[in-house]
Each structure stands twice: as structure tokens, then as C-alpha cells.
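Worksheet for the structure shown next.
The values are calculated or read from the model by the stated rules, or taken from the named source; none is laboratory data. Being a predicted model, the structure only gives us computed values, none of them experimental. We place every Cβ from the backbone using ideal geometry, glycine too, and count neighbours over all the protein chains shown.
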Ligand code: SF4
């Protein structure tokens, strides 16, 4: 009952470590009507959670005046380069003949109300205008979750990576996003996740310290942390020496994981005592291990991954056991802010549904609670 819907493909940014602009080509945007039609079809087939996909998903824009139609079908369109929200707070080309990313979110929310959760990944920090933040704030079925990779906390490294923003511009955006969207008082805290690369060519201890400091200030619920390794076909591979030793990369990776781990635990613990709405994704891995499924079976069926078209064939043993009335089964799901939640249920029939759970305990990675 979850599905991904791709809205853009390719990328125009040319970060020096990334192969996407060369392998996938220039950014291409699908016509909004095609996207909304697909969301309606998915909703008709029972999907209630949609994740919009794009390398820089929030850079989406479709200019109807420039649309090309072939055999009666509107064609996807190349994205126009523009400076992004570093220099403005609204899509500069917004207007009657344009569907901006903010417009697209609003239209899917309003025209496909059967979709109870609308998410999008991955966002490019510089392209976030206030128009998008307002739409998320004002439309209850759009999730309060942003995945906005920073990659480094050092301006020198961001420049070498060609990320197109400074640390202070990035933090200005985080502050703005929190001002609009962080509303724990109505049960809707904003959850952020980030990406970092450690050991990028030329990264000094000082640069890395700045990354740790940014990670601590940003307070992501989790971060995806990667050790740099040169990839053929990228600008960094051709032009930069991979000059940070492997053991230094490993140490920095572990140090950053420790910084993030502490914050993740704090954020998860803050949820104890709160009531959260959970989209139930499946039988928990723990339960499946207890039921004797092998690691390979669990990996293959991808217990909590989202798939186009709905449920994975997950938790067969637990499903069967629960159907036979053999007692409680532990289920897992996610909150609106993408926090993982475990809770016990009588059977697996809640998979694919929304339930309310009171959080009773938490650790660095997840929450555990009781259904209310
Ligand atoms: S890292 Fe992301 S924004 Fe940068 S070039 Fe690759 S896909 Fe584009």
C-alpha cells in the first residue's frame, strides 16, 4: 500500500563526486497530469502512501507554455537552470502557465485525497523556497519529513564538492524549515535526515571538525554517512587526489556516526509518552527471526522497504502464525516524520493501515509502543 512515483530524472548540479549527471543526463520533469494520473491509479488500487522521487526532487517545475506534445501525449521536459532559493524565496518562474513543486504537492494532496501520506526524496538544500514550506505546513497529508543532504560542514569542502551553497546558507534553510514546520505542540514535529561524505580529497581535521559541529547543530533524526571513494566518470576521480588515508576515513566515519547516534537517541527519546500515527509496513524483523525465517529470507523480502504497487511478501511465517491464533505478533511501521515504530498486535491484518501508538520506549534507531 506504499508506492514510489518518479517525478524528475537526471540532474543538472554536477557535484564533483557524483556520476548521475553523466549517467542519467540532464534533469527531466514529467508533466503534472501524468504524475497525478499515476497517483490516482495507485490510490484506486489501494495505495495510501506515495513517495515522490527525484535526484533533486524539489527542483521540479513544468512550464506548460514550452510543453511538447507528440501523438497526443505531453512529453517530459528538460529542467531550466536557475539559481535556486539561495537567491529567492519562491520559484521565480511561478505563474499561471507553470506547475511549480509547491503546486504539484498541493494538487496531489487535493486531487488524490485517498493518499494519506505524501513524501518526497531527495531534496537539494538550495532549491527550497518558502512556497514549498507553506504548502507542507498547510496540507495535513504531506509528511513533516525532509531529507536534505549537507555532505560537509566546511565551506572549503562544499566548494570542492561543487555543492552550490555555504554552511550558513544551509543552516539558514534549516532554521526556516523549522520555523514553518516544526510543530510538536500539534503532534507534528519536523524530522530531518542528512547525508555526509567523510574523507573527501583535501579534507583536513579542521574541515572534519566543522562537519561534526554541523551534524550536532542540525539535529537530524538520522544521517547516511559515507567514506569517500573515487568513482570513475566523476570530476573528482579525474581531477582530485584521493589523499585522505583509509584509516583516517574510517576514524572520521566512526566519530561522525557517534555524534549522530547520540542525537538520534535523544530525538527518539523525546517521543516517549507521545501518541503517534503509524503507517504499518509489516511484521518486524525481530518477530520474523523469532518465527524462524533466515536472514537471507528476511533480506530478500525487504521487511520495511516500500515497493511500487504495495506490500512486499513479508512476514509469511508470522502472518500464518498470527492467522492461526498463536498470539501477538510484533509489527513495524513509520511515523509521519519517518521514525520507525514497533508495537504488538493480535495479528498481521493491520499491515498497510494507519494506527495510533503510544510510545513507551526508544533507542537510537526506533520507538516501541502500545496501540491505543
Ligand atoms: S549529488 Fe545529487 S545534486 Fe549533486 S550531482 Fe549528484 S544527483 Fe545531482
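Structure summary
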read-out	value
Sole residue being out of contact with any strand residue (DSSP E or B) (no Cβ under 7 Å at 6 or more places or on another chain), under 20 Å from residue 216 (Cα atoms) and in the same structural domain as residue 220 (by TED's automatic domain parsing), chosen from 132, 112, 167	167
Count - residues of the stretch 161-175 that are farther than 19 Å from residue 14 by Cα and more than 16 Å from the ligand (Cβ to nearest atom)	5
From 152, 193, 223, residue being touching a strand residue (DSSP E or B) at 6+ places or on another chain (Cβ under 8 Å), within 16 Å of the ligand (Cβ to nearest atom) and over 21 Å from residue 16 (Cα atoms)	193
Residues of the stretch 116-148 classified as in contact (Cβ under 8 Å) with a residue 60 or more places away in the chain, part of a loop (DSSP other than H, G, I, E, B) and surrounded by fewer than 21 Cβ atoms within 10 Å (Cβ to Cβ), total	2
Failed item, numbered, when residue 268 is tested on (1) touching a helix residue (DSSP H, G or I) at 6+ places or on another chain (Cβ under 8 Å); (2) modelled with pLDDT of 95 or more; (3) crowded, with 18+ Cβ neighbours inside 10 Å	(1)
In the stretch 8-50, residue nearest to the ligand (Cβ to nearest atom) [restricted to those that are part of a loop (DSSP other than H, G, I, E, B) and under 20 Å from residue 99 (Cβ atoms)]	11
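Listed here are the residues, each with its yes/no results for (1) in contact with a helix residue (DSSP H, G or I) (Cβ under 9 Å, 6 or more places away or on another chain); (2) assigned by TED's automatic domain parsing to the domain that holds residue 9; (3) over 30 Å from residue 196 (Cβ atoms).
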| position | (1), (2), (3) |
| --- | --- |
| 67 | no, yes, yes |
| 89 | yes, yes, no |
| 108 | yes, yes, yes |
| 128 | yes, yes, no |
| 150 | yes, yes, no |
